[in-house]
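Any read-out appearing in this document is the output of simple, stated calculations on the displayed coordinates, not a laboratory observation. Quick caveat: nothing in here was measured; it's all calculated off a predicted structure. Here the Cβ positions follow ideal geometry from the backbone for every residue, glycine too, while neighbour counts run over all protein chains shown.
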Amino acid sequence: MVTLFQALDYILFPGFWRQQVKQPVFILSNPRSGSTFLHRMLEKDQQFTYLSLWQSLFNSITIYKLVAFITRVDMSIGDPIGRIVDYLDNHFFKGWDGLHKAGLRFSEEDEFLFVSSFLAPGLVLFFPYLHEVAEIYSIDNLPEKARQKVIKNFRLSVQRHVYASGGQIFLAKNAVAGGRLGLYQEAFPDMRAIYIHSDIFKSIASSLSVFSKPWSFHSPACYKRKYESMSIIEMVRTNHQGIISHRLNFAPENAVDIQYDHLVSDPEATVNSIYQHFSLAMSDTYKASLKQDSIAAKSYKSSHVYTVEDYGFTSDEIEQYIANQSAEDQAFDEKYHELE
């Protein structure tokens, strides 16, 4: 269905494939390391455009226009469709409340642009055995012909969205994209990256909780089982390594490093440092919004405690798994410590 509407885009909106995407901004991190928190602060700045979940699933300008038209009609008759969407969100995403606020109309990662080709680590939400096809974690290693096709599709997807939004700066975030950053940079050579550095061990514990949550619904026999949980651990490990090893491929002015602890303790100062590094203007309206978000964030206290033991692992096992590195991985670690 999406392919059909994307074909219509060429007929109804033929200029989209010439749309320039200038210096898109990508937030990259370990899973569960503040990327959603930072993204949802930045997305309030009107100079950015970003993907909501439904837009990443239905990436077509024609569909965007149809949804806008249906929404206007729906609002004029009391918003019955909107209430249905809210019901579906509350039903299907309720299990993530307090972990990662999600829904069709919430901003989301660009991950679902890759799901239809089954080249997305995020598929671990649906398939507990993804570590058995580990090449999905590193699609930069695909054969060149396939890789170029993925790059073209990704570029067109972003062009569609930016065209529909009126040419704003594209803002995205992804916590599992470590194995395709080369692809990102080929699609958009002038892309800007924000790297959130965090404790990988804490990220693993939290990721086990979030990414295995749907298993309790669709594959309850797999939920909290040790073997299946290796898919999530491997996803976090390869993402972590991919991000840091690719970090050195960016010009200094196109990448900025921030610490998770600093982001949490002083969001306003962190965002100001990002804008300063990229020479982005900040409107008075957004400054006020940022200040309010910062005040609210400082009063937030998580009620969740994540442990690897809940999934059959010990801390020593996780440390040993992460430390069990090849010579290439050891070289990666040296680069990581240089950045720190």
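Please work out whether segment 182-297 counts as rounded, prolate or oblate from its C-alpha gyration tensor, where a ≥ b ≥ c are the square roots of the eigenvalues and a/c under 1.5 means rounded, while otherwise a/b larger than b/c means prolate and anything else oblate? Note, shape of segment 182-297 comes out oblate. Each residue of segment 39-48 is assigned a 3J(HN,Hα), and the resulting list reads 4, 6, 7, 5, 5, 6, 7, 5, 7, 9 Hz, derived from the Karplus form 6.51 cos²θ - 1.76 cosθ + 1.60 (θ = phi - 60°), x at Gly and Pro.
Here the residues 240, 161, ranked from fewest to most Cβ neighbours within 10 Å of their Cβ, fall in the order 240, 161.
Report, in debye and to the nearest 20, how large the dipole of segment 2-335 comes out about its Cα centre when Lys and Arg carry +1 and Asp and Glu carry -1 on their Cβ.
About 1060 debye.
Hey, what angle do you get for helix 61-76 against the long axis of the chain, alpha-carbon based, 0 to 90 degrees rounded to 10? That works out to roughly 70 degrees. Distance check, please: which entries in 22/152; 173/224; 213/298 exceed 18 angstrom between their Cα atoms? The answer is 173/224; 213/298.
A cut-off of 5 Å between modelled amide H atoms, ignoring neighbours fewer than 5 places along the same chain, links residue 280 with no other residue.
Against the chain, whose longest principal axis is taken from its Cα atoms, helix 267-278 shows a tilt of about 70°.
Taken over the C-alpha atoms, segment 143-191 has Rg and Dmax values of 11.5, 35 angstrom.
Taking the helices alone, the chain has a mean residue ellipticity at 222 nm of -16000 deg cm²/dmol, built from -39,500 (n - 2.57) per DSSP H run of at least 4 residues and averaged over all its residues.
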